[in-house]
Amino acid sequence: MFGQNKGLLNLIKKHYLLVLIIVAFIELAIKLAFNNFTSFPDTNGYIETIKWYKNHSGEMVSVRIQRPLQIFFILLFEPFLGAIPSFILTNCIFYIASIPFFFSFSKKLLKDEDLAFISTFLFISSFCMLYWGLALLTDMLVWFLMSVGFDLLIDIKESWRSADVYKLSFVVGVGLLNKESIIGLAFLLIFLFFSKFIYRQSDKFRKAIRFLPPLILMILPFIVVQLLMYRYFGPEYTFFSTRLRHSISEVQGQLWYLPITFLIGFNILIIFYLFGIKSFIKNNSMFNKKEYLISLVLSLIPVVVFETYSPRLSFLIFPLVIPVAAVGLKNLLEHFQIKPVHYLILLALILVSYCVFNNAASIYGDSFRAMLGIWSRLSK
C-alpha cells in the first residue's frame, strides 16, 4: 500500500511497532494532562476488594472477590504507590503490552504489514480503549488477553501446535479470573478443534480425548476459585449465585439497547467495516465466509449473555471488527483513485481525526453520555 513512497515513509515502515508505541504514550500523556483516568460505579467495588485482599479492611464485594487477577497485579505496586495510582499503572502497562500482540495478530490475519499498522492504530485509539480501558476498571486486562489469545488462535488455525493450544488454554484460564467474558476465546478454540479434527473425520472419540487436557486447563482455575468461594464464604459468593443471577435480571427488557452499544463502541469503524467486509471475506485466506460468521457469533455470546449491555462489552468482538475496518478504510480511499501522495495525506488526516475525536469523546465522556441520554442509566 505504501510501497511507492520513500524516505521518511520507509523509515516509519521499518519501525511500525515503535511508532504505534509512541502514539500510545501520547494518548497516555493526554489522559494524564486532563487527569482523565475516570472512576465508574464499579470502581469503588474494586478499591474495596484491593483493601480486602491486602488486609481485610475493605468491604467484601462478592462479584469482585471471585475475579481477583488484576487485583493481584495492582497489589504488587500498591504498597509503593497506593491503590488508585497502581490501578492506573497496571492498565497503562496492559494498554502498551497489547500493541505488539494485536499488531502481530493483524499482520497474520491480513497478510499485510501496512494494514496491520492501520488496524493497530485504530485499536489503540478507539473510544472504548481510551474511555473504559484506561479508566479505573479491569476491562483493559481482558482486551490485552484477547489480543494475546487471537494472536495464538491464528497460529493454531495455521498449524495446530500443541504448545500454542496449551498457551491459549492458559490465557483463557487466567482470564476467567478477571472477567468471565473472555470465555468467547474458549468457544473459538473449541470451534477450531471441532472443524479440524472432528467434523467429517473418523475416530472422533480418540481425537476428542486429545482436547481434554487443554479444556481442563481452561476451566480449572475458575472451578478452583468457585470451590474456594463456596468453602470459605458460602454459596452466595459463587458465580452462579451472584453474577449470573445479577446479569439475567439486568438484561431483561434491554435488548433494544444492544445495537446502540455497537454504534457507541465502534463509531466510525462501523462504516469502515461495511466497506471492508466483502473484500475481507473474499480475499482472506485465514477465514472463509462460514468460519468468519461462526466466529463472530461465538464472540457475541458473552456480550449477550454475561453482562448488562454496554459499549465496553460489545467491544469484545474487536479482533473480528477492527482489522476488517482497516481493510474498509483502504478500500474507501482507493475508491477515489487519487495519487499516492494524496492518498497518504488523506489517510494520515483520517487517522489523526479519528484519534482526536476519540480522545475528546473520552475526556468529555460524561458530557457525551448526558447529551445522548439513552446512554446514562444502562451503560456502565
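Values in this text are rule-based calculations from the coordinates and carry no lab data. Please read these numbers as outputs of a predicted model, since none were measured by experiment. A quick note on method: Cβ atoms are made from the backbone with ideal geometry, for glycine too, and the neighbour counts reach across all protein chains shown.
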Open item on the list: Using the basic label-point model (7 angstrom from Cα toward the beta carbon), what is the Lys278 to Ala97 distance in nanometres?
Closed with: 4.2 nm
Task: Net length gained if the chain between Val297 and Ile21 were fully extended (0.36 nm per residue, minus Cα distance) - done: 96.2 nm
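What pairs from Lys179/Lys290; Lys31/Lys54; Lys108/Lys339; Lys14/Lys289; Lys31/Lys339 go past 31 Å between their alpha carbons?
On the way: Lys179/Lys290 28 Å; Lys31/Lys54 28 Å; Lys108/Lys339 28 Å; Lys14/Lys289 33 Å; Lys31/Lys339 36 Å.
Correct reply: Lys14/Lys289; Lys31/Lys339.
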- [ ] Taking every pair of Cα atoms in the range 319-358, average 1/r, invert it to obtain the Kirkwood radius, and report Rg/Rh to two decimals.
- [x] 1.01
- [ ] Mind giving me the nanometre distance, one decimal, between the label points for Lys54 and Phe357, set 7 Å out from Cα along Cα→Cβ?
- [x] 4.1 nm
Task: Estimated inter-spin distance, Lys339 and Lys14, nm [label 7 Å along Cα→Cβ] - done: 2.7 nm
- [ ] Quote the FRET efficiency, to the nearest 0.05, computed for Tyr166 versus Ile270 with a Förster distance R0 of 30 Å and r equal to the Cβ-Cβ distance.
- [x] 0.25
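I need the trypsin sites (Lys or Arg not before Pro) found in the range 146-180, filtered to DSSP loop residues with at most 15 other beta carbons within 10 Å of theirs. Working shown, then result.
On the way: sites: Lys157, Arg161, Lys167, Lys179; in loops: Arg161, Lys179.
Of the trypsin sites (Lys or Arg not before Pro), the ones in loops of the range 146-180 whose Cβ has at most 15 other Cβ atoms within 10 Å are Arg161.
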Task: Qualifying chymotrypsin sites (Phe, Trp or Tyr not before Pro) in the range 33-106, DSSP loop, other Cβ atoms within 10 Å at most 15 - done: Phe34
Open item on the list: Is the C-alpha gyration tensor of the range 110-153 telling us rounded, prolate or oblate? Criteria: a/c under 1.5 is rounded; beyond that, a/b larger than b/c is prolate, otherwise oblate.
Closed with: oblate
TODO: Provide the convex hull volume over Cα atoms per residue for the range 84-189, in Å³.
DONE: 93 Å³
